[in-house]
Amino acid sequence: MKPNFKPGRNIAIKVPPHQYERTVTFYRDILGLEPVGLPSPGSYESVALKFGDKTLWIDNTASLSQSEIWLEIQTDDIEKAAAYLENANICRRDEIEPLPDDFSGFWISSPGDIIHLVTGKK
């Protein structure tokens, strides 16, 4: 049986250091998206902004040469989702960014190389 999937609440734009300040300025100051006082989720500099009912994270990511969009997908059964996606030959990408040991989720890559964080329903 297929697990239930739905969009999560987070979108991340991972940007290299040379694009970070201009990217933050664009979304925060030029477009006027409201900052959200959330701490950086990783060991890098990050800004969180309201993006409708989502949170848009702009992450300063030194290991990148160009910007990437990362999406969150929620599921009602994380174990079933992991098995289902593996059976569908969807590539697990847990090496892409460490997650806390007690975190219910994992990383995958779509066939078009878009990174998705699959999380248990919150």
Options Ile73, Ile58, Ile108: the member that is in contact (Cβ under 8 Å) with a residue 60 or more places away in the chain and surrounded by 15 or more Cβ atoms within 10 Å (Cβ to Cβ): Ile73
Determine if the stretch 1-21 includes at least one residue that is under 21 Å from Ile114 (Cα atoms), in a helix (DSSP H, G or I) and in contact (Cβ under 8 Å) with a residue 60 or more places away in the chain. no
In the stretch 84-102, which residues are at pLDDT below 95, open to solvent by 100 Å² or more (accessible area, probe 1.4 Å) and under 16 Å from Glu72 (Cα atoms)? Pro98
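The values are calculated or read from the model by the stated rules, or taken from the named source; none is laboratory data. It should be emphasised that the depicted structure is a prediction, and the values quoted were computed from it without experimental measurement. With ideal geometry, Cβ positions are generated from the backbone for all residues, glycine too; neighbour counts draw on all protein chains shown. Surface accessibility is based on the protein's heavy atoms, side chains included, excluding ligands, DNA and RNA. Shrake-Rupley method; radii C 1.70, N 1.55, O 1.52, S 1.80 Å.
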